[in-house]
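What follows is a short report on a single structure.
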Amino acid sequence: MNDSLHQLRCFGCGARVSRGEAKPDFRCSECGDLFEVEYPGWGQRKGNDRPNAGALKWLWRERRCSSEALDHSGVWRFRELLPILDSFGNAVTLREGNTPLYHLTRLSKMLGIDQLYAKHQGMNPTGSFKDTGMTTAMSVAKERGFEWVACASTGNTSAAMAAYAARAGLRSLVVIPDGKIAWGKLSQAMDYGAVTCQVKTDFDGCLKLLIQVVKEAHIYLLNSVNPFRLEGQKTPAFEIAEAFDWNVPDHLIVPGGNLANSSALGKGFRELHELGLVARMPRISVIQAEGANPLVRSFRKNHGETLEPVEAHTRATAIRIGNPASWRKAARVIQETGGWCLDVNEAEIAIAKAELGAEGLGCEPASAVTLAGLKKLREQGAVEPGETVVLLLTGHTLKDADYTIDFHRGTLLQPLERLGFEAELDGLRRNAQVVDANASAVLATLKGKVG
Ligand code: F0G
């Protein structure tokens, strides 16, 4: 498997370009669609020509105990399936990946699904799943000699990019929608030394603007239109398969924003399947916020054949995206795995986030759409009690502390958004109380709660 040959294949028209030949905006010059990294020959490998599955699985697990920096990365320990660099010595790593898979004990009971898990990608070095893709794409940037990298972001990509750029000794430019990203994320970009531009537009406007910039200046674009990002983001699929002893779960549920992550995870499972490392792919479902649901609309209209952008509004700012770049790739993953694409409203997101918090995990609002989506799928009878289900939690709860505090204070949602959900919402609120500085005042707050 030391096959270091990769090329880029256009997802739309199939045109191929060799490494390094893609345009700065990573769009195909023939049809304008995005590229995917392709490893010629992997799909055709049959019988003895296939990699030794047992040996690879042993090696990947064994590396977790190694003292090599690269082996400590949950991305690069799978490097046989990431032959994208001339030298792995160029890899820029912050020991990303190897994130925990938690059994959701209370929610399992509540939803009547014994085998319900959360893969917590918020436990990455900068607190989101973006680190797994940033390590690969930043390594490519470094190997190709770029001095500057840039991204448009709803916050997490910029935090990850700024950190990895700093580690690589590169300069970074962040373009974010003014007033529409969580403070935790903005503070990270500043802390890691990025040049940060807050622009009076939304995420879609920021990306459009940045694409003009990278066409004019020698800056490497690190948004998820960059196919090397998806190579790293496919590796949680390997970790999930490994955690289940290479028997993939029945169903993986992922939030949808710009739709690269669902595409990458689908690619990861597809490659494992093609190489004979797993017997099948899981069903992959994508959940969007009701106010930022272009893919859901597309599935309702013509099962993911065309997409009309929307003006996006949701408090889950990470997925406030109306014109997702990778929608075609994500639509294919949903179609080929028999997954669903649905949306959830602001109250459902807030409730799900509080419930994940009460499990001792916590996550960003954008991550909580997965649980809210699963509840809907259970109600519709689309998920059976005997299935093994994994929710992909994409960001750490501390990324957006304002959201959590507003929720517990009862100031998050408007009366119309609360309508029909009041009891559930209020039952989950745990607002902080101001009490006098004496023990009896503190004990009084526990009245009726301690036996
Ligand atoms: N969850 C979180 C916490 C995110 O930050 C994002 C995307 C998503 C889910 C959606 O993933 O875009 O691959 O479908 N955040 C990007 C950013 C857009 O700029 O940080 P997707």
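None of the figures in this text is laboratory data; all of them are computed from the coordinates on show. What you are looking at is a predicted structure, and each value in this text was computed from that prediction instead of being measured. Cβ atoms come from the backbone with ideal geometry, glycine included; neighbour counts cover every protein chain shown.
What ranking do 151-162, 18-29, 48-59 get when scored by the average of other Cβ atoms within 10 Å per residue, highest first? Mind showing how you got there, number by number?
Working: 151-162: 30.3, 18-29: 15.2, 48-59: 12.6.
My ranking of the peptides, most packed first, is 151-162, 18-29, 48-59.
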Practice task
Kindly express, to the nearest 10 degrees and within the range 0 to 90, the angle between helix 156-168's C-alpha long axis and the longest C-alpha principal axis of the chain.
Solution key: 50
Problem - Projected label distance in nm at D178 and Q414, using a 7 Å step from Cα toward the beta-carbon - result: 2.3
Practice task
Read phi for every residue in the stretch 433-448 and hand back ³J(HN,Hα) as whole Hz from Karplus 6.51 cos²θ - 1.76 cosθ + 1.60, θ = phi - 60°, with x for Gly and Pro.
Solution key: 10, 8, 10, 5, 7, 8, 4, 5, 5, 5, 4, 4, 5, 8, 3, x
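Ranked highest first by average number of other Cβ atoms within 10 Å, how do 305-311, 126-132 line up?
Result, highest mean first: 126-132, 305-311.
Quick check: residue separation of L101 and E384 times 0.36 nm, minus the Cα distance between them. What number comes out in nm?
99.8 nm
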Practice task
Starting from the Cα of D33, move 7 Å in the Cα-to-Cβ direction to define the label point; list residues of the stretch 204-226 whose amide nitrogen is under 19 Å from there.
Solution key: 224-226
Exercise for the section: Take the Cα atoms of the stretch 64-184, build their convex hull, and give its volume per residue in Å³. Expected result: 138
Practice task
Would you mind getting me the FRET efficiency between C65 and Q198? Use the beta-carbon distance for r and R0 = 35 Å, nearest 0.05.
Solution key: 0.20
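Hey, what number do you get for the chain at 222 nm if only DSSP H runs of n ≥ 4 count, each worth -39500 (n - 2.57), divided across all residues, to the nearest 500? Provide the component values of the computation, followed by the final result.
Values: 18 runs with 177 residues, N = 451.
Computed mean residue ellipticity for the chain: -11500 deg cm²/dmol.
Rounding to the nearest 20 debye, state how big the charge dipole of the stretch 233-287 is about its Cα centre with +1 on each Lys and Arg Cβ and -1 on each Asp and Glu Cβ. Spell out each step's value before the answer.
Working: 5 positive and 6 negative charges, 46 e Å.
Here the size comes out at about 220 debye.
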Exercise for the section: Mind checking which of T154, L85, T196 is farthest towards the positive end of the chain's charge dipole, using Cβ charges of +1 (Lys, Arg) and -1 (Asp, Glu) about the Cα centre? Expected result: L85
Exercise for the section: Note down the nm distance, to one decimal, between modelled labels 7 Å out along Cα→Cβ at S87 and at D436. Expected result: 7.1
Practice task
Using θ = phi - 60° and the Karplus relation 6.51 cos²θ - 1.76 cosθ + 1.60, list the HN-Hα couplings for the stretch 185-191 in order, rounded to whole Hz, with x at every Gly or Pro.
Solution key: 6, 4, 4, 5, 4, 5, 4
Problem - Gap separating the Cα centres of the stretch 5-46 and the stretch 329-368, nearest whole Å - result: 30
Exercise for the section: Give K109/K376; K109/K447; K267/K399; K234/K375 a once-over and call out the pairs whose C-alpha atoms are over 19 Å from each other. Expected result: K109/K447; K267/K399; K234/K375
Practice task
Quick one: angle between helix 130-143 and the longest Cα principal axis of the chain, in degrees between 0 and 90, rounded to 10, please.
Solution key: 30
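In percent, what relative contact order does the stretch 10-75 have, based on Cα pairs under 8 Å that are 6 or more apart in sequence?
Numbers: 34 pairs, mean separation 14.4, N = 66.
Answer for the stretch 10-75 is 22 percent.
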Handout entry: Length-normalised contact order of the stretch 83-161 in % [C-alpha pairs under 8 Å, at least 6 apart]
Key = 33
Problem - Computed magnitude of the charge dipole of the chain (debye, nearest 20; Cβ of K, R +1, Cβ of D, E -1) - result: 260
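Which whole-number percent gives the relative contact order of the chain, counting Cα pairs below 8 Å spaced six or more residues apart?
Values: 895 pairs, mean separation 68.3, N = 451.
In percent, rounded to a whole number, it is 15.
Highest mean first, what order results for 334-341, 416-423, 73-80 on Cβ atoms within 10 Å? Before the final figure, lay out the partial values.
Details: 334-341: 19.5, 416-423: 12.2, 73-80: 24.0.
For the peptides 334-341, 416-423, 73-80, the packing ranking is 73-80, 334-341, 416-423.
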Completion exercise
Whole-Å distance linking the alpha carbon centroid of the stretch 194-215 with that of the stretch 100-129 is 33
Fill in the blank from the handout: The simple spin-label model distance between R144 and L398, using points 7 Å out along Cα→Cβ, in nm, is 3.4
Completion exercise
Helix 203-216: inclination vs the chain longest Cα principal axis, degrees, rounded to 10, gives 30
Exercise for the section: Report, in whole Å, the centroid distance computed from the Cα atoms of the stretch 65-86 and the stretch 221-280. Expected result: 16
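Could you list the square roots of 5 times each eigenvalue of the Cα gyration tensor of the stretch 157-243, that is, the equivalent ellipsoid semi-axes, sorted largest first and rounded to whole Å? Each step should come with its number before you reach the end.
Working: eigenvalues 111, 50, 42 Å².
That gives 24, 16, 15 Å for the three semi-axes.
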Practice task
Starting from the coordinates of the alpha-carbon atoms of the stretch 264-356, obtain the Kirkwood hydrodynamic radius over all distinct pairs and give the value in Å to one decimal.
Solution key: 14.2
